[in-house]
Amino acid sequence: MISSDDLRFIVALAQSNSLAAASRALNVTPSAVTQRLQSMEERIGFRLVDRSSRRMVLTDEGDKLANGGQRVLEELGDLIDTLNSRRAEVSGHLRIVAPLGFGRRYVAPAATQFRLLFPNVTVSLMLFDRPAHRPLSEQRGLCLVHHRRDHGPHWRLGCVPAGADPP
């Protein structure tokens with residue numbers, strides 16, 4: 001069995017003109033390259049490098065493995081990039097419940113901007129005169145409560161488990 005580390009190793013050998021140059025590229029000692037090469041050749045059952053000349057030359061099998069390995073490593077890199085971009089992608093549904101006046105003035109424009117930034121998110125905005133008094137079955141996990149006090153507006157943000165009373 002050949003691992004992705006084996007493919008990286010043979011590609012590094014193919015890009016070098018000597019085992020010493022390969023050892024520098026791989027940041028290991030020349031003897032470590034020689035031992036790894038011998039171990040890999042024993043494991044797969046054929047020679048990868050012709051050691052009879054002063055220059056390192058890949059055998060036909062070594063060349064084929066290096067070329068195929070380069071393609072596999074590129075495809076693996078592309079696959080990892082694709083998966084990472086999907087992980088960073090925001091998607092799903094955002095339900096926002098807000099007081100009527102506050103929701104129209106502040107939340108609706110913010111929700112519109114959010115939707116432009118994250119097109120894979122659907123947004124529903126529900127505006128109520130008294131959102132804290134909705135039926136328990138409609139409550140979700142986040143609640144922003146705005147209170148008017150004598151000294152100005154007061155905000156409180158808290159997590160609310162489904163079915164619990166909002167703060």
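Kindly indicate whether Asp63 is in the same structural domain as Ala12 (by TED's automatic domain parsing) and in contact (Cβ under 8 Å) with a residue 40 or more places away in the chain. Explain how you work it out, then say what you get.
Details: in the same structural domain as Ala12 (by TED's automatic domain parsing): yes; in contact (Cβ under 8 Å) with a residue 40 or more places away in the chain: yes.
Yes.
Here is a check on your reading of the model: is His151 outside the structural domain of Arg43 (by TED's automatic domain parsing), over 30 Å from Arg43 (Cβ atoms) and modelled with pLDDT of 55 or more?
Details: outside the structural domain of Arg43 (by TED's automatic domain parsing): yes; over 30 Å from Arg43 (Cβ atoms): yes; modelled with pLDDT of 55 or more: yes.
Spelling it out, His151 is indeed outside the structural domain of Arg43 (by TED's automatic domain parsing), over 30 Å from Arg43 (Cβ atoms) and modelled with pLDDT of 55 or more.
Right, Arg36: in a helix (DSSP H, G or I), surrounded by 15 or more Cβ atoms within 10 Å (Cβ to Cβ) and out of contact with any strand residue (DSSP E or B) (no Cβ under 7 Å at 6 or more places or on another chain) or not?
yes
State whether one or more residues within the range 89-100 are of a type in the set (Ser, Thr, Tyr) and under 34 Å from the mean Cα position of the chain (by Cα). Let's see the steps before the verdict.
Here is the first cut: in the range 89-100, the ones of a type in the set (Ser, Thr, Tyr) are 91.
This time we only want the ones that are under 34 Å from the mean Cα position of the chain (by Cα), so: 91.
Yes: the range 89-100 contains one or more residues that are of a type in the set (Ser, Thr, Tyr) and under 34 Å from the mean Cα position of the chain (by Cα).
Given the structure, is Leu26 more than 30 Å from Asp129 (Cβ to Cβ), of a type in the set (A, V, I, L, M, F, W, C) and modelled with pLDDT of 95 or more?
Working: more than 30 Å from Asp129 (Cβ to Cβ): yes; of a type in the set (A, V, I, L, M, F, W, C): yes; modelled with pLDDT of 95 or more: no.
Answer is no for this residue.
Return the only residue of Val90, Val97 being within 30 Å of Leu116 (Cβ to Cβ) and touching a Pro at 6+ places or on another chain (Cβ under 9 Å).
Numbers: Val90 fails: touching a Pro at 6+ places or on another chain (Cβ under 9 Å).
Of Val90, Val97, the one residue that is within 30 Å of Leu116 (Cβ to Cβ) and touching a Pro at 6+ places or on another chain (Cβ under 9 Å) is Val97.
State all residues of the range 1-33 that are crowded, with 18+ Cβ neighbours inside 10 Å and among the hydroxyl-bearing types (Ser, Thr, Tyr); if no residue qualifies, say none.
Within the range 1-33, just Ser23 meets the criteria.
Return the pair list, or none, for Cβ contacts closer than 7 Å from residues in the range 100-121 that are without any contact (Cβ under 8 Å) to a residue 40 or more places away in the chain to residues that are in a helix (DSSP H, G or I), at least 6 apart or on different chains.
If the second residue must be in a helix (DSSP H, G or I), the pairs left are Val121/Arg115.
The values are calculated or read from the model by the stated rules, or taken from the named source; none is laboratory data. Everything numeric in this text was worked out from a predicted model, so none of it was measured. Note that each Cβ is placed from the backbone with ideal geometry, even for glycine, and that neighbours are counted across all protein chains shown.
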